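The values are calculated or read from the model by the stated rules, or taken from the named source; none is laboratory data. Keep in mind it's a predicted model, so treat the numbers as computed, not measured. Counting neighbours? That spans all protein chains shown, and the Cβs are built from the backbone with ideal geometry, glycine included.
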Amino acid sequence: MLSVSSARILLISISVTIGIANNAFSQSVATERSQLNIPKMQRAPVLEDFADMKLNEELENQMVKVDQFKQNQPRDGEPASQRTESYLGYDDKNLYIVFVCFDKEPEKIRARWERRENAFDDDFVEVTLDTFHDRRRGYMFWSNPLGIQAEGIWTEEEGEPDWSFDTIWQTRGQLTEQGYVVWMAIPFKSLRFRVEDRQTWNITLLRMIPRANEWAYWPHVSARKEGRLSQAGEVVGLQSISPGRSIFLIPYTSFRSFRALDTRNRDPRFVSDRQFDGGLDAKIVLTDNFVLDVTANPDFAQVESDQPQVTVNQRFEVFFPERRPFFVENSDFFATPLNLLFTRRIADPQFGARLTGKAGPYAIGALVIDDQAPGRAVADDDPFYDKRALFTIARVRRDIFKQSNIGVIFTNRQFQDSYNRVGGVDGRFKLNQNWVSGFQAVTSSTRTLDGQKLAGPAYNAYLYRQGRQFNYEAEYRDISPNFNTETGFVRRTDVRTINQEISYQFRPEKKLISWGPRVFTDHTWDHQGTRLDATVGLSMRWQFIGDTSAGAFALTNRERLRPKDFSVLPENRDFASNVKGFFFGSSYFRWLTVNGEYSRWAGINFVPVAGKEPFLTDRSSVELGVTLRPMNRLRIDNTYLSSRSLDRQTGANIFNNHIIRSKWNWQFNQALSVRVITQYEALLANPSLTALQTTKRFNADFLATYQINPWTALFVGYNSNMQNLDLLRTPQGTQIVRFPNRFINDGKQLFVKFSYLFRF
């Protein structure tokens, strides 16, 4: 049997050796390319030119027609079930794309009035433009049949879209008796590309029909191959166009009136205030390829709260995704296998600057930003009061071969005399049309506030296969005991982990689209060779038409706790459990989407009463999501999470955790919407069996939005939070005490924010 070190060496060697040996071969294989020669138009097309779903005769020779769409899912390679025609042309300022989508059952088309970037459950069309012609990164432009738009970035390395990208473009959509038509105008100023007399881009066109789970592309993007841009067609014919130089200035002004519980000082107290504020975001196109983003005194008051997650009785930190616009845009420039940039560590920035762009084969990203949170989270008399942390991140990635790359990254967090620095190298190698391998090696250097110095490396290696039926993933991760990243997200240190996953999909291609098993293993050791975790599991999944799926899973898990983890343990203690559960999801009905999961297992009480050892419990969890669309302009998203823990000997409750969330959105038109969110959380704890406290919280959030484009908008909002606590005055001072059935409003806020885009 292989040792952990041997397994690491073997996996890295196989990954790198095969990558180097086979890259030259994989890149020499000729592939068939589709090409579009886009004509220049004498006048701009409009939606009315496609009345009765036919192109105006005046424009017949001014736009190129595409109509050979083929399925990616569910029947890879077969013609699309519904006829689709796309027409493309351009002038000096814009690229025009018009989708004419015929439908044999037009009454079943899903098209609803939604907030921008929130209509992904509808029928939709999409164009992806790889303007640098490198098959690595592309701009995505998406629209539902009513013209509700979204835009994003497709990164071949990530294999999924990043919808944080924002730009200015135009859409119009119209339902007809035969289907629908979508008109798009994409300004060249909204894209980045090299200035050349003749442009050669890559392109994919997509139509998605949710009721049939059908993804139809031009040219054919096969599910049998890894990647999308690697199978894209080519666009030629664009001449004498330029992205130009442009400057986006987005100033904002805001008003806040709030009352909140201040816990920074020895005596907690309520504070109230009214504040007028302002700030500026700027986007400066320095060259055709590089963009500088600057933010001064950013305001994130309109950002929606996080989706609920269970955070009770967790050993390790729970990951919450970033939602603030400045941080999520162009985040792919900084992505690496190990998450070394987790921007939620930056809680309260005052100023920031980000440079991103591409120079030849080099992709470059740099970020400098401060964080006021460390100095605002302490009392007025604390020596660190009002002090700031400074974050610096630099990333360079070089393209090699076709769709392979190598890169370096450096991160630094500086706070007073302390620092945390991480640097390293990584690579991704596309071996052939299915197999991809990669690695990362980094090291950290840390000085704490008390002068202690720590240093340690971390490694990652992976190999995966993506295909229509057989898929495989393997990953090795080695995080040394002294490795530390204060800018990233690494749950555990002092671990060596090997994960593997194998899945196979049978494809009847009828009402049952696919089904098949997935086998996965997860083994973790510390650097002394002690086995910490071992998991072996099996799941089955069935996929039906109507965006409906169901499945079941079972796994065996062994977890070892050490005295260094829990001081009450006299020695290493093993805990074994079997987990069983099932899941389902369906959007079969236009007005209803349901997703759910139930699981039951033997869990561990990580938070027993003081002096007691962790012990096994009977655990169960329920996750349920229900989205209702009773009217075309109303969307109601409901979420229920439940986690329950019982004492195995007595059957007594250790804790019950319930989270109920409901979000209502009414869309008056493309620009105007009103949203209301209510959320109730209750942790009911048994003080005789757990050190957890009974906690109840109720939050209400109201937001009215008038948004002309991603940056010109007016927000009016109100939020309020209540908890089961109170202030108790004692001879020792004021204390915060939780009462089972007593509530106070510990925070409420009214805000108004207006921002406006000036584009030069």
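Here Ala700, Ala685, Ala691, Ala671 are screened, and the one residue that is out of contact with any helix residue (DSSP H, G or I) (no Cβ under 9 Å at 6 or more places or on another chain), of a type in the set (Gly, Ala, Ser), closer than 25 Å to Phe248 by Cβ and modelled with pLDDT of 90 or more is Ala671.
The set of residues in segment 465-500 being assigned to a strand (DSSP E or B) and either closer than 30 Å to Trp515 by Cα or of a type in the set (Phe, Trp, Tyr) (or both) consists of Arg465, Phe470, Asn471, Tyr472, Glu473, Ala474, Glu475, Tyr476, Thr497, Ile498, Asn499, Gln500.
Has segment 417-425 got at least one residue that is under 30 Å from Lys225 (Cα atoms) and crowded, with 17+ Cβ neighbours inside 10 Å? Looking for residues that are under 30 Å from Lys225 (Cα atoms) and crowded, with 17+ Cβ neighbours inside 10 Å, one finds none in segment 417-425, hence no.
Out of the residues in segment 346-360 that are of a type outside the set (S, T, N, Q) and touching a Phe, Trp or Tyr at 6+ places or on another chain (Cβ under 7 Å), state the one that is farthest from Arg398 (Cα to Cα). Out of the qualifying residues, it is Ile346. Scanning segment 607-636 for residues that are buried (at least 18 other Cβ atoms within 10 Å of the Cβ) and either closer than 30 Å to Glu117 by Cβ or in contact (Cβ under 8 Å) with a residue 60 or more places away in the chain (or both) yields Val607, Pro608, Ser621, Glu623, Arg629, Arg635.
Could you grab me the full set of residues in segment 193-224 that are surrounded by fewer than 21 Cβ atoms within 10 Å (Cβ to Cβ) and of a type in the set (Lys, Arg)? Across segment 193-224, the qualifying residues are Arg194, Arg198, Arg211, Arg224. Name the residues in segment 471-486 that are without any contact (Cβ under 8 Å) to a residue 40 or more places away in the chain, among the polar types (S, T, N, Q) and in contact with a Ser or Thr (Cβ under 6 Å, 6 or more places away or on another chain), would you? Once the filter is applied, which keeps residues that are without any contact (Cβ under 8 Å) to a residue 40 or more places away in the chain, among the polar types (S, T, N, Q) and in contact with a Ser or Thr (Cβ under 6 Å, 6 or more places away or on another chain), segment 471-486 yields only Asn471. Applying the condition of being assigned to a loop (DSSP other than H, G, I, E, B) and not β-branched (Val, Ile, Thr) to segment 336-348 and asking which residue is farthest from Gly438 (Cα to Cα) yields Asp348. Residues that are more than 23 Å from the chain's Cα centre (by Cα) and surrounded by 14 or more Cβ atoms within 10 Å (Cβ to Cβ) do occur in segment 315-336, at least one of them.
Within segment 14-69, if we keep just the residues that are small (Gly, Ala, Ser), more than 30 Å from Phe99 (Cβ to Cβ) and touching a strand residue (DSSP E or B) at 6+ places or on another chain (Cβ under 9 Å), the residue that is modelled with the lowest pLDDT turns out to be Ser26. The test for being in a loop (DSSP other than H, G, I, E, B), touching a residue at least 12 places away in the same chain (Cβ under 8 Å) and under 30 Å from Ile744 (Cα atoms) holds for Ala691.
Being assigned to a loop (DSSP other than H, G, I, E, B) and modelled with pLDDT under 95 holds for only one residue in Phe575, Phe589, and it is Phe589.
Output the residues belonging to segment 70-104 that are among the acidic types (Asp, Glu) and either at pLDDT 95 or above or within 22 Å of Phe188 (Cβ to Cβ) (or both). Glu85, Asp91, Asp92, Asp103 - these are the residues of segment 70-104 that are among the acidic types (Asp, Glu) and either at pLDDT 95 or above or within 22 Å of Phe188 (Cβ to Cβ) (or both). Name the strands (runs of 3 or more DSSP E) wholly inside segment 222-321 in which the number of residues that are farther than 30 Å from Trp169 by Cα is 2 or more. Here the list reads 247-262, 269-285. Which one of Phe333, Phe391 is in a strand (DSSP E or B) and within 19 Å of Ser164 (Cβ to Cβ)? Of the residues listed, the single one that is in a strand (DSSP E or B) and within 19 Å of Ser164 (Cβ to Cβ) is Phe391.
When Gly352, Gly357, Gly407, Gly424 are checked against the criterion of being in a strand (DSSP E or B) and either over 22 Å from Asp162 (Cβ atoms) or without any contact (Cβ under 8 Å) to a residue 40 or more places away in the chain (or both), Gly424 stands alone in meeting it. How do the pairs read when you match residues in segment 640-658 that are touching a residue at least 60 places away in the same chain (Cβ under 8 Å) and under 15 Å from Ala602 (Cα atoms) with residues anywhere that are among the charged types (D, E, K, R) and outside any strand (DSSP E or B), using Cβ under 6 Å and keeping only pairs 6 or more apart or on different chains? Once the first residue is touching a residue at least 60 places away in the same chain (Cβ under 8 Å) and under 15 Å from Ala602 (Cα atoms) and sits in segment 640-658, no partner that is among the charged types (D, E, K, R) and outside any strand (DSSP E or B) comes close enough. Of all the residues in segment 709-733, those that are exposed (fewer than 14 other Cβ atoms within 10 Å of the Cβ) and either under 26 Å from Val285 (Cα atoms) or of a type outside the set (Gly, Ala, Ser) (or both) number 5.
Entry remark, segment 146-169: residues being touching a residue at least 40 places away in the same chain (Cβ under 8 Å) and outside any loop (DSSP other than H, G, I, E, B) number 4 in total.
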